[in-house]
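*Asks:* Following this message is one structure expressed as structure tokens.
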Amino acid sequence: MEQTIYRYHYRGQLKSDIDETELKKALEEAEKQVKGLVKEEKIMTAALYHFGKMLFFYYEAIGQEQEPEALLSPLNPFLEQWPGQETMRNWVYMYHIYYHAIPQGVEDWKRKSVPEMRRGRIAFLKTEKLFDYVYHHIAIVKEGLLEGDQYQSIGIHENILFSYFEEPRSHVNIRRQPGAKSKEIDAWEALDPKSHFIPGPEGTSFTFLPALLVVGQEMV
């Protein structure tokens, strides 16, 4: 029986007054910890990015759900606490709203070679356009015909989108029907997609992020 692949996006926030040297040591420890879990075949891919003090974490767990506080435990002392319904937490869940493929098990999802790049990027939605964006992207996913990178995935928290993908990009769709035509992408493009975003520092809708940690199953 194939094991389930769980895909996650989380958002964290670094404290303002932290020792950069100690943070670097914590990141090195966190990387060792994640690599150990990859070797144990509990994690397939993990990538941590930052934008100022904001952290964005994408990872894929094999067989059972994994919490970010455990995966990156060396970073816990450096993180702000977020209020929750039941308790405070170090990471807040970003809702998984957009993707081009659904994992069909470990062999299906395993990379055939090391990606040239694992990219993380963010975008800020205009408040009045947020629900339009979510509505149309969920519609594209439900239709399942738009082709894109197998590993691309977008999560949302507040008005922030965090996108993960790999290069070179693949061309697949959820229904696994090559060359199919998507009507839902036409509906989205008719709304002037760029008008939904607050321009980033470089004037673009999405801003690429520097990585703090990148580990893949095929790298260890």
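The values are calculated or read from the model by the stated rules, or taken from the named source; none is laboratory data. A quick note: this is a predicted structure, and the numbers were derived from the prediction, not measured. All Cβ positions, glycine included, derive from the backbone under ideal geometry; neighbour counts span all protein chains shown.
*Asks:* Checking the condition modelled with pLDDT of 95 or more and surrounded by fewer than 18 Cβ atoms within 10 Å (Cβ to Cβ), which residue from 79, 55, 27 passes?
*Replies:* Answer to the selection: 27.
*Asks:* Need the failing condition index for residue 101 against (1) among the hydrophobic types (A, V, I, L, M, F, W, C); (2) within 27 Å of residue 23 (Cα to Cα); (3) in contact (Cβ under 8 Å) with a residue 40 or more places away in the chain, just the number.
*Replies:* (2)
*Asks:* Output the residue which, of all residues in the stretch 153-173 that are touching an Asp or Glu at 6+ places or on another chain (Cβ under 8 Å) and part of a loop (DSSP other than H, G, I, E, B), is farthest from residue 192 (Cα to Cα).
*Replies:* Only one residue fits best here, namely 168.
*Asks:* Which of the residues belonging to the stretch 118-152 are among the aromatic types (Phe, Trp, Tyr) and part of a loop (DSSP other than H, G, I, E, B)?
*Replies:* First pass over the stretch 118-152, keeping only residues among the aromatic types (Phe, Trp, Tyr): 124, 131, 133, 135, 151.
If the condition is that a residue be among the aromatic types (Phe, Trp, Tyr) and part of a loop (DSSP other than H, G, I, E, B), then 151 is the only one that fits.
*Asks:* Say whether the condition of being among the charged types (D, E, K, R), out of contact with any Ser or Thr (no Cβ under 7 Å at 6 or more places or on another chain), modelled with pLDDT of 95 or more and crowded, with 16+ Cβ neighbours inside 10 Å is met by at least one residue in the stretch 110-120.
*Replies:* Looking for residues that are among the charged types (D, E, K, R), out of contact with any Ser or Thr (no Cβ under 7 Å at 6 or more places or on another chain), modelled with pLDDT of 95 or more and crowded, with 16+ Cβ neighbours inside 10 Å, one finds at least one in the stretch 110-120, hence yes.
*Asks:* Among the residues of the stretch 138-156, is any surrounded by fewer than 19 Cβ atoms within 10 Å (Cβ to Cβ) and either under 17 Å from residue 50 (Cα atoms) or among the aromatic types (Phe, Trp, Tyr) (or both)?
*Replies:* no
*Asks:* Here is a further query. Does residue 102 count as assigned to a loop (DSSP other than H, G, I, E, B) and within 30 Å of residue 136 (Cβ to Cβ)?
*Replies:* Against the criterion (assigned to a loop (DSSP other than H, G, I, E, B) and within 30 Å of residue 136 (Cβ to Cβ)), residue 102 qualifies.
*Asks:* Any residue in the stretch 69-81 that's in a loop (DSSP other than H, G, I, E, B): show its pairings with residues that are buried (at least 20 other Cβ atoms within 10 Å of the Cβ) at Cβ separation under 6 Å, as long as the two are six or more apart or on different chains.
*Replies:* Once the first residue is in a loop (DSSP other than H, G, I, E, B) and sits in the stretch 69-81, its partners that are buried (at least 20 other Cβ atoms within 10 Å of the Cβ) give 72/30.
*Asks:* How many residues are under 18 Å from the mean Cα position of the chain (by Cα) and either closer than 19 Å to residue 46 by Cα or of a type in the set (S, T, N, Q) (or both) if we restrict to the stretch 119-156?
*Replies:* Residues flagged as under 18 Å from the mean Cα position of the chain (by Cα) and either closer than 19 Å to residue 46 by Cα or of a type in the set (S, T, N, Q) (or both) within the stretch 119-156 amount to 12.
*Asks:* Tell me which residues, restricted to the stretch 1-30, are in a helix (DSSP H, G or I) and within 21 Å of the chain's Cα centre (by Cα).
*Replies:* Going through the stretch 1-30, the residues in a helix (DSSP H, G or I) turn out to be 20-30.
Hits for the stretch 1-30 are 27, 28, 30.
*Asks:* Name the one entry in 85, 66 that is in a loop (DSSP other than H, G, I, E, B) and either over 26 Å from residue 103 (Cβ atoms) or within 12 Å of the chain's Cα centre (by Cα) (or both). Give the steps one after another, and end with the answer.
*Replies:* Values: 66 fails: either over 26 Å from residue 103 (Cβ atoms) or within 12 Å of the chain's Cα centre (by Cα) (or both).
From the options 85, 66, the qualifying one is 85.
*Asks:* Take the residues in the stretch 176-220 that are small (Gly, Ala, Ser) and assigned to a strand (DSSP E or B), then tell me which one is modelled with the highest pLDDT. Before the answer, list the steps.
*Replies:* Narrowing the stretch 176-220 to residues small (Gly, Ala, Ser): 179-180, 182, 187, 190, 195, 200, 203, 205, 211, 216.
Now narrow it down to the ones that are assigned to a strand (DSSP E or B): 211, 216.
Numbers: 211: 98, 216: 94.
Going through the qualifying residues, I end up with 211.
*Asks:* Hey, another quick one. Cβ-Cβ distance below 8 Å, separation of 6 or more or different chains: which pairs start in the stretch 34-45 with a residue that is closer than 15 Å to residue 111 by Cα and end on one that is surrounded by 13 or more Cβ atoms within 10 Å (Cβ to Cβ) and of a type in the set (Asp, Glu)?
*Replies:* 43/60; 44/60; 45/60
*Asks:* In the stretch 82-104, which residue that is of a type in the set (Ser, Thr, Tyr) and within 30 Å of residue 171 (Cβ to Cβ) is surrounded by the fewest Cβ atoms within 10 Å (Cβ to Cβ)?
*Replies:* Of the stretch 82-104, the ones of a type in the set (Ser, Thr, Tyr) are 87, 93, 95, 98-99.
Checking which are within 30 Å of residue 171 (Cβ to Cβ) leaves us with 93, 95, 98-99.
Details: 93: 14, 95: 10, 98: 20, 99: 23.
It comes out as 95.
*Asks:* Could you list, ordered by first residue, the pairs with Cβ atoms under 8 Å in which the first is in the stretch 1-22 and under 30 Å from residue 159 (Cα atoms) and the second is of a type in the set (A, V, I, L, M, F, W, C) and assigned to a loop (DSSP other than H, G, I, E, B), at least 6 apart or interchain?
*Replies:* 9/94; 10/91; 10/94; 11/91; 11/94; 12/91
*Asks:* Residue 195 versus (1) among the small types (Gly, Ala, Ser); (2) surrounded by fewer than 12 Cβ atoms within 10 Å (Cβ to Cβ); (3) within 21 Å of residue 142 (Cα to Cα): which is the lone unmet condition?
*Replies:* Condition (3) is where residue 195 drops out.
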